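Each remark here refers to the structure printed beneath this line.
The values are calculated or read from the model by the stated rules, or taken from the named source; none is laboratory data. These figures come from a predicted structure and were not determined experimentally. Virtual Cβ from ideal backbone geometry, glycine too; neighbours counted across all protein chains shown. Ligands, DNA and RNA are excluded from the accessible area calculation, which covers all protein heavy atoms including side chains. Shrake-Rupley method; radii C 1.70, N 1.55, O 1.52, S 1.80 Å.
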Amino acid sequence: MKNNDWKSRLNIVYSTNPDFQYEESGEEAVGTKSPGTQPLRIKLDKRHRNGKMVTLITGFVGSEEDLKSLEKLLKTKCGAGGSSKDGEILIQGDFRQKVFEILQKEGYVKAKWN
């Protein structure tokens, strides 16, 4: 039985070739780099936040699950709220030194902060 899912063929109108096969272009899974090779940067950010300070960790390369687990670890250790998306982790408050120490303990030796 053929897979007849029309949503995967939205860009194909019609083909007269009897041997035509629909190619499904799936997104490739992004492999998470090991902690020692992650080029993380830690900085304090106040832009567009009504003067409130947040610690911003950028440069994470990997899957969303790994990003969320690192975010949860940092939020728990700092005792603060935060969020993560698009390779960035946001921790509410000025926790640059504490985040730097936590990342070093976890093996992120390339972490830099300013």
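Remarks
- T32 open to solvent by 100 Å² or more (accessible area, probe 1.4 Å), in a loop (DSSP other than H, G, I, E, B) and at pLDDT below 90: no
- Which listed residue, of L56, L73, L67, is open to solvent by less than 20 Å² (accessible area, probe 1.4 Å) and part of a helix (DSSP H, G or I): L67
- Which listed residue, of K75, K85, is of a type outside the set (D, E), out of contact with any His (no Cβ under 9 Å at 6 or more places or on another chain) and modelled with pLDDT of 90 or more: K75
- Those residues of segment 35-44 which are exposed (fewer than 14 other Cβ atoms within 10 Å of the Cβ) and touching a strand residue (DSSP E or B) at 6+ places or on another chain (Cβ under 7 Å), in sequence order: K43
- Test: residue in segment 72-83 that is within 8 Å of the chain's Cα centre (by Cα) and within 19 Å of K33 (Cβ to Cβ): no
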